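Written below as structure tokens is the structure these notes are about.
The values are calculated or read from the model by the stated rules, or taken from the named source; none is laboratory data. All figures in this text were calculated on a predicted structure; none of them were measured in a lab. Note: ideal-geometry Cβ built from the backbone for every residue, glycine included; neighbour counts use all protein chains shown. Remember, those area values only see protein heavy atoms, side chains included, never the ligands or the DNA or RNA. Shrake-Rupley method; radii C 1.70, N 1.55, O 1.52, S 1.80 Å.
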Amino acid sequence: MNYPKVLILNQPFNNVSGGGITLSNLFKGWKKDHLAAVCLGNLFNEKTQLDICDKYYQLGHKEHVWNFPLNLMKRKYPSGPLKIDRKKKNVETIKKSPLRVTLLNEYINPALNWLGVLNWASSIQLSPELKEWLTEFNPDVIYAQAQRREAVVFCTLVQRYLKKPMVFHMMDDWIEVLPGYGLMGGYWHKVVDKEFREMLSTCDRHFSISEPMALAYKERYGYTFSTYHNPIELEFWSKSQRNSYDFGDKIQILYAGRMGLGIQSSLETMAKCLDELNKELKTPVELVLQVGKRPEWVDKYNCIVHRGFVPYEELPDRFSEADFLFLPYDFTPSANAFIKYSMPTKASEYMICGTPVLVFAPEDTALVTYAQDHQWAQVVTKNEVQALRDGLMELINNKEMRQRISEAAIKLAEERHDANKVRKQFKEELSELGALENKVNQA
């Protein structure tokens with residue numbers, strides 16, 4: 001099977017963001033010279049991967065235009081092919097001022113969001129340099145993700161310029177969060193919804209991150225969405241696969257991942273739960289936070305151990321060493337709207353390692369639906385210490401249950417998330433589009 005030339009919009013390859021990880025795992029093994037990506041300058045950093053794709057165009061000041069007075073405050077990124085340091089094997093990025101980043105992220109952008117002008121503050125366009133670069137690459141297929149209004153508009157602009165088949169892959173239901181943002185949230189929701197529908201109409205295929213999203217989007221937008229969640233390398237993730245469900249001299253619960261405010265609230269609920277349990281249990285239980293920065297609130301609890309991030313290669317060992325893997329969600333209404341149809345990239349990684357998983361998330365999320373339908377995790381849907389305590393104690397007291405859900409998780413990961421199977425299907429869909437395009441051009 002031939003590899004079509006694919007142009008990727010709005011998402012670089014990396015192993016830190018959900019979109020980047022999913023992208024990397026879907027395209028791994030693709031012919032390198034058949035891939036190119038176009039992204040905003042702020043998305044590139046030292047984590048940008050070059051092993052799968054090293055042809056990047058950075059959208060800078062010639063394409064991403066800020067209106068006055070923000071053009072005086074916002075960073076001016078250069079436009080053009082991204083410079084690569086061949087010796088260090090990473091991309092050359094602009095050094096950012098910590099003060100500027102703090103001011104923008106904590107004060108200016110939130111204020112603009114609240115006022116409802118952030119979506120108005122800048123525009124996106126195709127510069128002559130970008131058009132030349134796109135024409136020279138001449139893709140067979142366009143693959144796109146988008147997490148903001150400008151990215152949606154950019155997808156439409158590129159597709160209409162190249163007139164190539166486009167596939168759009170939705171990660172989170174971020175559009176439904178817009179009504180709650182600022183004074184003009186309702187207005188911008190209508191605008192972006194219209195632009196999003198327009199963009200979907202230019203696509204030849206539509207992909208979702210979960211099956212509940214596919215069903216909801218079919219009803220909402222009228223298109224059939226194929227589901228592509230993060231696929232995993234079974235050999236890599238199962239190399240330390242846990243096969244014992246007994247405890248040692250302590251019970252270790254591991255959380256590994258990002259630390260947003262809502263997630264921290266859910267983690268603190270677990271900490272409260274464990275501090276209470278440790279007054280009663282003979283075997284102590286600890287919560288290991290494998291996260292970057294140690295949260296200040298952990299000092300209030302005796303059960304928490306901060307580990308910090310570990311190299312990617314060590315993750316299977318760490319996941320398998322734990323007695324439980326904790327997969328919490330944010331319970332706030334705004335976050336629930338955003339994540340309702342999402343699927344964490346780590347879910348499939350957790351499944352295959354053989355360690356029992358405890359999901360703590362709102363009942364109407366795709367994650368809970370998936371876990372309950374296939375019984376690959378213990379699920380707690382009430383944001384209460386007592387509910388979490390009951391769910392955890394059931395796991396602690398029932399070895400048979402621990403083994404049952406772990407075996408179900410492994411089986412599901414092998415059946416549905418095997419990278420070899422998923423990539424084959426993914427490649428077939430894109431190759432089919434590329435073949436149809438070539439037939440049209442040769443006719």
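Here are the numbers:
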quantity	calculated
Test: residue in region 291-306 that is touching a Ser or Thr at 6+ places or on another chain (Cβ under 9 Å) and closer than 30 Å to Gln145 by Cβ	no
Qualifying residue in region 285-297 (condition: open to solvent by less than 20 Å² (accessible area, probe 1.4 Å), closer than 24 Å to Lys411 by Cβ and either polar (S, T, N, Q) or free of Cβ contacts under 8 Å to residues at least 60 places away in the same chain (or both))	no
Members of region 151-192 that are within 18 Å of the chain's Cα centre (by Cα) and charged (D, E, K, R)	Asp172, Asp173, Glu176
Residue, nearest to Ala371 (Cα to Cα), within region 383-406, restricted to residues that are in contact (Cβ under 8 Å) with a residue 24 or more places away in the chain and of a type in the set (Gly, Ala, Ser)	Ser406
Condition met for Tyr245 (touching a strand residue (DSSP E or B) at 6+ places or on another chain (Cβ under 9 Å) and surrounded by 13 or more Cβ atoms within 10 Å (Cβ to Cβ))	no
Positions within region 202-242 being open to solvent by less than 10 Å² (accessible area, probe 1.4 Å) and either touching a Leu at 6+ places or on another chain (Cβ under 7 Å) or closer than 25 Å to Asn15 by Cβ (or both), in sequence order	Phe207, Ser208, Ile209, Ser210, Met213, Tyr228, Asn230, Pro231, Ile232, Trp237
Number of the condition not met by Leu358 [criteria: (1) more than 17 Å from the chain's Cα centre (by Cα); (2) not in a strand (DSSP E or B)]	(2)
Filter result (in contact with a helix residue (DSSP H, G or I) (Cβ under 8 Å, 6 or more places away or on another chain), open to solvent by less than 50 Å² (accessible area, probe 1.4 Å) and in a loop (DSSP other than H, G, I, E, B)) within region 298-323	Tyr301, Cys303, Val310
Residue within region 32-41 that is within 18 Å of Pro139 (Cβ to Cβ), at pLDDT 90 or above, acidic (Asp, Glu) and buried (at least 16 other Cβ atoms within 10 Å of the Cβ) present	no
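Listed here are the residues, each with its yes/no results for (1) open to solvent by 20 Å² or more (accessible area, probe 1.4 Å); (2) small (Gly, Ala, Ser); (3) outside any strand (DSSP E or B); (4) modelled with pLDDT of 95 or more.
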residue: Glu129; (1), (2), (3), (4): yes, no, yes, yes
residue: Glu132; (1), (2), (3), (4): yes, no, yes, yes
residue: Thr135; (1), (2), (3), (4): yes, no, yes, yes
residue: Val152; (1), (2), (3), (4): no, no, yes, yes
residue: Leu157; (1), (2), (3), (4): yes, no, yes, yes
residue: Phe168; (1), (2), (3), (4): no, no, no, yes
residue: Tyr187; (1), (2), (3), (4): yes, no, yes, no
residue: Lys190; (1), (2), (3), (4): yes, no, yes, no
residue: Leu200; (1), (2), (3), (4): no, no, yes, yes
